[in-house]
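Worksheet for the structure shown next.
The values are calculated or read from the model by the stated rules, or taken from the named source; none is laboratory data. Bear in mind the structure is a predicted one, so any value in this text is a computation, not a measurement. Neighbour counts are summed over all protein chains in view; Cβ atoms, including those assigned to glycine, are modelled from backbone coordinates with ideal geometry. The protein model used for the area step is the full one, side chains on, heavy atoms only, and it has no ligands, DNA or RNA in it. Shrake-Rupley method; radii C 1.70, N 1.55, O 1.52, S 1.80 Å.
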Amino acid sequence: MKKKDRFIGKCVDYTHDCLGVVKHEGTAVFVKNLILDEEAEIEIIKVLKNYCVGRVVKLIKTSEHREEPVCEVYKQCGGCQLMHMSQLGQKIFKTQRVKETLHKIGHCDVEVLDTIMDDVPYHYRNKVQVPFGMKDNRIVSGFYKARTNDIINQDHCHIQNTFSNEVTLRAKQLFEEYHILPYDKQSHKGIIKHVLTRYGTHTNEGMVVFITYKKKVKHLSHIASILASEFPEIKSIIQNVNERHDNVILGDEEILLYGEDVIEDTLLDKRYHISMKSFYQINPRQVEKLYTKAIEFADFKGDETVIDAYCGIGTIGLSLANHVKQVYGVEVVPDAIKNAKENAKRNHVSNIEFTCQDAGEFMLKCANEHKTIDVVMVDPPRKGCSELFLDQMTTLSPEKIVYISCNVATQARDVAYLQEHGYQAVIAQPVDMFPQTNHIESIVLLQKV
């Protein structure tokens with residue numbers, strides 16, 4: 001096959017990121033926005049060594065799971081990938097993806113329950129960082145076109161919260177009014193890089209962060225005052241200074257322009273302070289379902305000692321503390337541990353102890369001290385667990401491991417390691433933390449054999 005060739009094909013499978021797979025003349029062709037069992041006229045747009053990339057020219061047979069995307073820039077924007085698919089279609093895809101990944105990479109045929117979906121799959125993101133740029137002598141803001149640095153101008157994103165949409169739009173209007181230009185990556189001129197917003201869904205508290213290339217920005221404090229007066233939800237406005245020329249979003253210097261440097265939100269009846277850099281799950285509705293299911297999998301009796309590994313600001317450990325005897329939380333980020341300790345005090349939880357240390361080294365320390373650990377709750381970053389961590393966790397030999405992950409591929413890799421070292425995967429539960437996207441959160445319960 002060569003570029004611009006056209007043929008009639010049928011979608012027979014999906015890639016891990018939900019591209020439709022079409023087989024033609026013995027070659028796999030990956031096609032965006034094509035749903036399983038659909039037939040279409042397809043044009044080849046890229047030819048690679050082991051596969052081709054195609055695009056839909058015309059749909060011939062349409063799936064019952066196809067829906068018209070509510071977003072007018074869906075096809076250009078790289079933020080969502082599944083808005084053309086019904087909730088049932090997304091549920092089927094995400095459940096199957098977890099099942100196949102655990103089987104192929106994790107080498108286990110564990111029971112995978114149906115994905116727990118979000119009842120309201122829009123306006124769920126409580127943290128948004130919107131890039132700013134210039135186009136046709138006007139300020140634009142929105143998300144990047146897939147695999148590019150081109151901003152798709154959009155003032156209303158259907159997956160971010162209403163507060164963030166409205167505040168970001170108003171900030172853009174004020175930047176135009178006061179002639180504060182966006183930063184340009186090529187010339188290194190301009191001021192505004194991103195506007196970051198955080199929102200407490202249960203408390204209606206909002207944070208706004210202006211990420212700027214320079215420290216001194218004329219009129220910025222006045223703009224902060226205008227936003228604070230127009231949006232009573234705003235409890236915090238911060239300027240973050242980032243003089244770097246790479247893709248790192250946040251800089252190290254923070255200047256408080258209004259209010260406090262944190263907002264507050266609740267999660268499973270616990271209250272949390274959230275700073276600009278705090279890790280806090282972006283979908284508050286679904287994270288409560290996620291943690292509730294993880295606690296259910298652990299089946300606590302009340303006398304257990306638990307490690308909450310990669311604990312962040314302590315949300316998992318604090319959520320389960322009432323169900324167990326003792327919790328040890330470990331996290332390598334100092335600010336996160338500081339927040340976690342404050343959150344424990346705020347919620348009057350006394351049976352939890354937080355340590356700032358590499359999780360693998362902490363497990364080694366626990367193993368050397370011959371600590372008795374009954375359950376390990378682990379929620380690592382996308383890269384998964386280190387081999388040191390996994391090795392020392394098996395040395396500690398807890399009865400149960402509840403493994404939560406936003407990357408089922410690295411989770412499956414680690415599950416394979418654990419199954420080779422005395423554990424058996426029992427059950428898995430996908431949770432749709434990221435509706436309209438191809439991302440998925442997964443819980444796997446492992447028990448000592």
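Roughly speaking, what is the stretch gain from F7 to L388, that is 0.36 nm per residue apart minus the C-alpha to C-alpha distance, in nm to one decimal?
Details: separation 381, 0.36 × 381 = 137.16 nm, distance 5.05 nm.
The span from F7 to L388 would gain 132.1 nm if fully extended.
Quick one: grab the alpha carbon gyration tensor of the range 243-353, order the square roots of its eigenvalues as a ≥ b ≥ c, and give me rounded if a/c is under 1.5, else prolate or oblate depending on whether a/b is larger than b/c. Prolate shape, in that a/c is at least 1.5 and a/b is the bigger ratio.
Could you let me know the centre-to-centre spacing of the range 303-359 and the range 31-91, using Cα atoms, in angstrom? One Cα centre to the other: 43 Å. About the centre of its Cα atoms, the chain shows a dipole size close to 1520 debye [charges on the beta carbon of Lys, Arg (+1) and Asp, Glu (-1) only; nearest 20 debye]. Entry comment: accessible area of the chain is 46 Å² per residue, from protein heavy atoms only and a probe of 1.4 Å. With the charge dipole of the chain set up from +1 on Lys and Arg Cβ and -1 on Asp and Glu Cβ about the Cα centre, the Cα lying farthest toward the positive end among the listed residues T62, L102, V327 is that of T62. Modelled label positions at K448 and Y122, each set 7 Å beyond Cα in the direction of Cβ, lie 5.0 nm from each other.
What does the helix-only formula give at 222 nm for the chain: each DSSP H stretch with n ≥ 4 adding -39500 (n - 2.57), the total divided by the residues, and the result rounded to the nearest 500 deg cm²/dmol? Could the numbers behind the result be given before it?
On the way: 9 runs with 111 residues, N = 449.
Estimated from H runs of four or more residues: -7500 deg cm²/dmol.
Working from Cα pairs under 8 Å separated by at least six residues, relative contact order for the range 176-251 is 27 percent.
Which of the GluC sites (Glu not before Pro) found in the range 322-427 are in a DSSP loop and have at most 11 neighbouring Cβ atoms, other than their own, within 10 Å?
On the way: sites: E331, E342, E353, E361, E369, E387, E399, E420; in loops: E369, E399, E420.
The qualifying sites are E369, E420.
For R138 and D261, FRET efficiency with R0 = 35 Å and r from the beta-carbon atoms, rounded to 0.05? Display every interim value, and only then the final one.
Numbers: r = 33 Å, r/R0 = 0.93.
The pair D261/R138 has a calculated efficiency of 0.60.
Please report the net charge: other residues with Cβ closer than 15 Å to the Cβ of L364, K and R +1, D and E -1. Here the count lands on -3. Length gained on full extension, K215 to H202, computed as 0.36 nm times the residue gap minus the Cα-Cα distance: 1.4 nm.
A DSSP coil position with no more than 16 other Cβ atoms inside 10 Å describes the following trypsin sites (Lys or Arg not before Pro) in the range 52-127: K75.
Relative to the Cα centre, the charge distribution of the range 143-260, modelled as +1 at Lys and Arg Cβ and -1 at Asp and Glu Cβ, gives a dipole magnitude of about 380 debye.
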